[in-house]
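Here is the structure we will look at, set down as structure tokens.
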Amino acid sequence: MFVLPFLALALALVVAPAAAQDYSAAHNVTPITGTWTTLSHAVITGTFANPANLTFNYPDNTGVGYAFSDDGFYEVARYRFNGNGSNPACITGVMNWHHGKYSLLANGSIVLNPFGDGYQQIQDPCAAESNFIENYNVTELISQWNLIDDPNDGLKLFLFGADGTPVAPLYQVYSTANMLPTEALRNVTPSVDAVSLVALNSGARSWSPASAVSAVVGAFALGLASLIL
Ligand SMILES: *[C@@H]1O[C@H](CO)[C@@H](O)[C@H](O)[C@H]1NC(C)=O
Ligand SMILES: *[C@@H]1O[C@H](CO)[C@@H](O)[C@H](O)[C@H]1NC(C)=O
Ligand SMILES: *[C@@H]1O[C@H](CO)[C@@H](O)[C@H](O)[C@H]1NC(C)=O
Ligand SMILES: *[C@@H]1O[C@H](CO)[C@@H](O)[C@H](O)[C@H]1NC(C)=O
């Protein structure tokens, strides 16, 4: 299974040097399989969420993690802060987790179909409810993706959201998918709303605004704000 990408790369180098590292066209034969995380390496699927009791294992740093198995399952873990241009003190923190089955579409997009047991914790100091947990059952579209074999960093995965916004580059931490069991891991009453409140003031841990501010300021300083999906 590891032979294919290198074979594809070798062929691509011979056939089309300009697009040598772009695998997206080879979508159906190129394994996206593995466990991937952003530069901080802090957010890793499989160890991020405890769906049975709606808690999280809070990473030391922000980031995004994805895992894709070769039999069609995915898991997503995100820990991020969203700044507020009109009020810098109003930074929203989000811990988001979901898993399910993914489909590689013929046009190069990937659809993530969740099992329905996903959830997220929102911390918003400026909102009436400053800390709450809600169900997250959103079918996400990765509009396009590509994979490069970087001489320094190894395999790097580039994903683009539904609106084309890039996710920060993802580094491969394991060649296989590190994920929780690939089935619904808690009972959720089916809802027509993809996002619906589960718990207010649930005793969920809150995180430090100071680290939020430095994370957001750091992201802006690096010009990466739009990369933090
Ligand atoms: C939630 O579940 C995880 C994993 O089983 C456990 O480690 C953790 O202590 C639990 N937390 C609470 C608040 O029950
Ligand atoms: C920004 O903060 C203000 C409160 O100062 C709030 O009303 C507004 O909804 C926030 N905007 C976003 C995008 O969160
Ligand atoms: C691929 O097809 C899906 C389903 O029709 C669509 O939602 C998506 O936007 C398409 N992707 C691109 C890159 O056009
Ligand atoms: C999740 O969304 C799907 C598709 O909209 C829906 O069929 C399913 O019932 C939802 N699950 C829950 C638990 O709400």
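The values are calculated or read from the model by the stated rules, or taken from the named source; none is laboratory data. Since the model is a prediction, treat every value here as computed from it, not as a measurement. Neighbour counts run over all protein chains shown; Cβ positions are idealised from the backbone, glycine included. Side chains included, ligands, DNA and RNA excluded: accessible areas come from the protein's heavy atoms. Shrake-Rupley method; radii C 1.70, N 1.55, O 1.52, S 1.80 Å.
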With 10 Å bins from 0: P(r) over segment 57-179, alpha-carbon pairs, percent
12, 38, 35, 13, 2
Summing +1 per Lys or Arg and -1 per Asp or Glu among the other residues with Cβ less than 13 Å from Tyr79's Cβ gives +2
Please list, in chain and number order, the residues 5+ apart from Asn178 or on another chain whose amide H is under 5 Å from its amide H, with Hs placed from the backbone.
Thr35
So what J values fall out for segment 129-137 if you push phi through Karplus, 6.51 cos²θ - 1.76 cosθ + 1.60 with θ = phi - 60°, rounded to Hz, Gly and Pro as x?
9, 8, 8, 8, 10, 9, 5, 9, 10
Taking θ as phi - 60°, what are the ³J(HN,Hα) couplings along segment 68-85 by the Karplus curve (6.51, -1.76, 1.60), each to the nearest whole Hz, with x for Gly and Pro?
10, 8, 7, 9, x, 9, 9, 9, 10, 9, 9, 9, 8, 10, 10, x, 10, x
Among 45-54, 160-169, how do they line up from the highest to the lowest mean number of other beta-carbon atoms within 10 Å?
45-54, 160-169
Accessible surface of segment 58-147, 1.4 Å probe, proportion on carbon and sulfur as whole %
45 percent
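Can you order the peptides 66-73, 145-152 by their average number of other Cβ atoms within 10 Å per residue, highest first?
Put in order of decreasing packing, that is 66-73, 145-152.
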Along Cα→Cβ, 7 Å out, is where each label goes; now give me the distance between the ones at Thr165 and Asn113 in nm to one decimal.
2.6 nm
Taking a label point 7 Å from the Cα of Ser191 along Cα-to-Cβ, the residues of segment 123-139 whose backbone nitrogen sits under 19 Å from it are 123-124, 127-139
So what's the net charge close to Asn137: Lys and Arg +1, Asp and Glu -1, counting the other residues with Cβ under 11 Å from its Cβ?
-4
Residues whose built amide H sits under 5 Å from the amide H of Phe160, excluding neighbours closer than 5 in sequence, are Ser143, Gln144, Val167
